[in-house]
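Asks: Mind having a look at this structure? Questions to follow.
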Amino acid sequence: MDNDLTLKIEHLSSGFFTERGYVPAVDDVSLSIGKGQVVGIVGESGCGKSMIARSVMGLLKYPGRITGGSIKLAGQELTGMSDGQLQRIRGKDMAMIFQEPMTSLNPVVPIGKQMREALLLHEKMDKISAKAEVLKMLEHVGISEPKKRYGAYPHELSGGLRQRVMIAMAMICKPKLLIADEPTTALDVTIEAQILRLIRSLSRETGMSVLLISHNLGVIAQMCDTVYVMYAGKIVEQADAYTLFDRHAHPYTKGLMDSVIDLKSNPRRLPAIGGVVPNLLHLPAGCAFSPRCPRAMDRCREERPELEELAPGHLCRCFEEGRERL
């Protein structure tokens with residue numbers, strides 16, 4: 001039921017208009033996130049993961065542009081909205097955590113004042129009430145001495161604390177949707193685990209939906225209900241997390257799974273996916289993965305496969321002859 005969906009993306013296409021031609025960074029992508037769900041997008045760098053996030057948030061800047069499709073947040077169409085309309089939604093109904101907090105936080109404004117601005121803008125609070133709410137949220141995300149941190153500048157905080165501040169800032173207006181774009185890339189594994197637990201617990205407490213973007217399969221396995229695998233701007237496989245890890249069907253997904261280190265087994269040389277990510281300006285005539293696929297057939301090089309259902313909720317973009325269980 002659409003009424004149960006926080007985010008519904010249908011046939012989204014977005015890319016960059018360059019002097020050399022149009023670069024299709026996201027090509028006919030559809031996905032949905034139910035209320036309180038954590039949905040993951042996984043794939044190599046440059047596959048289009050972050051482009052989806054920026055398309056949803058309305059943060060594409062020239063030469064980037066949405067060229068087709070629909071993005072609905074709680075039933076409200078976002079595509080075609082003006083910057084002013086999107087600004088009233090960003091921060092209040094949807095929020096985003098970026099990879100590197102130092103590029104998102106204002107270096108010359110104390111973090112408390114930065115967080116307070118969202119409440120003054122969206123909730124129409126007075127400054128005293130807004131400060132009290134900020135202190136409460138800083139404590140809620142596990143930041144000790146919130147009164148002291150309120151007046152701190154971003155450079156005075158550790159990487160883990162800055163990421164907690166970003167989460168607190170994203171959560172301050174209790175959004176319906178949180179987009180987390182590689183939220184733990186720059187953190188050590190201990191802090192990473194704490195941040196992931198925090199996002200998951202906040203989702204359960206508030207019913208907030210989460211779109212988690214990562215290249216880290218361990219993070220995806222730990223966090224997500226449903227997973228979308230992307231390659232060259234397209235979804236190549238979609239399934240619930242258990243099915244994807246236990247019965248994945250696409251050769252690219254298999255390549256990703258094989259690259260995960262198994263600490264229980266003897267050390268071994270990790271297999272790599274041969275070749276390189278294709279140039280989006282000059283995609284192959286057939287399947288985009290065919291030049292790197294060890295099971296590619298002539299048909300794969302000549303025709304582009306569509307997403308087909310293998311089982312309820314499990315979709316794969318691969319021709320029947322090459323889609324045996326891997």
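Asks: If you go through region 203-250, how many residues are in contact with a Cys (Cβ under 6 Å, 6 or more places away or on another chain) and over 22 Å from Asp27 (Cα atoms)?
Replies: Matching residues across region 203-250 total 1.
Asks: Out of (1) buried (at least 17 other Cβ atoms within 10 Å of the Cβ); (2) farther than 23 Å from Met94 by Cβ; (3) touching a residue at least 40 places away in the same chain (Cβ under 8 Å), what's the single condition that is false for Pro146?
Replies: Every condition holds for Pro146 apart from (3).
Asks: If Gly322 meets every condition in (1) surrounded by 16 or more Cβ atoms within 10 Å (Cβ to Cβ); (2) modelled with pLDDT of 90 or more apart from one, which number is that one?
Replies: Evaluating Gly322 over (1) surrounded by 16 or more Cβ atoms within 10 Å (Cβ to Cβ); (2) modelled with pLDDT of 90 or more leaves (2) as the failure.
Asks: Would you list the strands (runs of 3 or more DSSP E) that sit entirely within region 1-117 and hold 2 or more residues that are surrounded by fewer than 19 Cβ atoms within 10 Å (Cβ to Cβ)?
Replies: Answer list for region 1-117: 5-18, 21-34, 64-73.
Let's see how each residue does on (1) of a type outside the set (Gly, Ala, Ser); (2) modelled with pLDDT under 95:
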{"residue": "Glu19", "(1), (2)": "yes, yes"}
{"residue": "Leu31", "(1), (2)": "yes, no"}
{"residue": "Leu60", "(1), (2)": "yes, yes"}
{"residue": "Gly80", "(1), (2)": "no, yes"}
{"residue": "Gly84", "(1), (2)": "no, yes"}
{"residue": "Gln87", "(1), (2)": "yes, yes"}
{"residue": "Lys92", "(1), (2)": "yes, yes"}
{"residue": "Phe98", "(1), (2)": "yes, yes"}
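Asks: May I pose another question? Exactly one of (1) surrounded by 20 or more Cβ atoms within 10 Å (Cβ to Cβ); (2) out of contact with any Lys or Arg (no Cβ under 8 Å at 6 or more places or on another chain); (3) under 22 Å from His155 (Cα atoms); (4) touching a residue at least 40 places away in the same chain (Cβ under 8 Å) is unmet by Met137. Its number?
Replies: The one condition Met137 does not meet is (4).
Asks: Something else: Tally the residues that are crowded, with 21+ Cβ neighbours inside 10 Å and among the hydrophobic types (A, V, I, L, M, F, W, C), restricting the search to region 174-195.
Replies: 5
Asks: Among the residues in region 166-175, are any part of a loop (DSSP other than H, G, I, E, B) and touching a Leu at 6+ places or on another chain (Cβ under 9 Å)?
Replies: yes
Asks: Same structure again: Can you tell me which residues in region 266-286 are within 25 Å of the chain's Cα centre (by Cα) and either under 15 Å from Val26 (Cα atoms) or surrounded by 14 or more Cβ atoms within 10 Å (Cβ to Cβ) (or both)?
Replies: Ile273, Val277, Pro278, Asn279, Leu280, Leu281, Leu283
Asks: If you take the residues in region 287-309 that are among the basic types (Lys, Arg) and within 17 Å of Glu237 (Cα to Cα), which one is surrounded by the most Cβ atoms within 10 Å (Cβ to Cβ)?
Replies: Taking region 287-309 first, the residues among the basic types (Lys, Arg) are 292, 295, 299, 301, 304.
Remaining after also requiring within 17 Å of Glu237 (Cα to Cα): 292, 295, 304.
Numbers: Arg292: 19, Arg295: 15, Arg304: 15.
So, considering only residues that are among the basic types (Lys, Arg) and within 17 Å of Glu237 (Cα to Cα), the one surrounded by the most Cβ atoms within 10 Å (Cβ to Cβ) is Arg292.
Asks: Do we find a residue being part of a loop (DSSP other than H, G, I, E, B) and hydrophobic (A, V, I, L, M, F, W, C) anywhere in region 179-195? Please lay out each step first, then the result.
Replies: Start the filter on region 179-195 by keeping residues that are part of a loop (DSSP other than H, G, I, E, B), which leaves 182-188.
From the residues that got through so far, the ones that are hydrophobic (A, V, I, L, M, F, W, C) too are 186-187.
The answer is yes, given that some residue of region 179-195 is part of a loop (DSSP other than H, G, I, E, B) and hydrophobic (A, V, I, L, M, F, W, C).
Asks: Restricting to region 50-62, give me the number of residues that are within 20 Å of Thr18 (Cβ to Cβ) and out of contact with any helix residue (DSSP H, G or I) (no Cβ under 9 Å at 6 or more places or on another chain).
Replies: 6
The values are calculated or read from the model by the stated rules, or taken from the named source; none is laboratory data. Only a predicted model underlies this, so the values are computations on that prediction, with no experimental measurement involved. Here the Cβ is made from the backbone with ideal geometry for all residues, glycine too, and neighbour counts use every protein chain on show.
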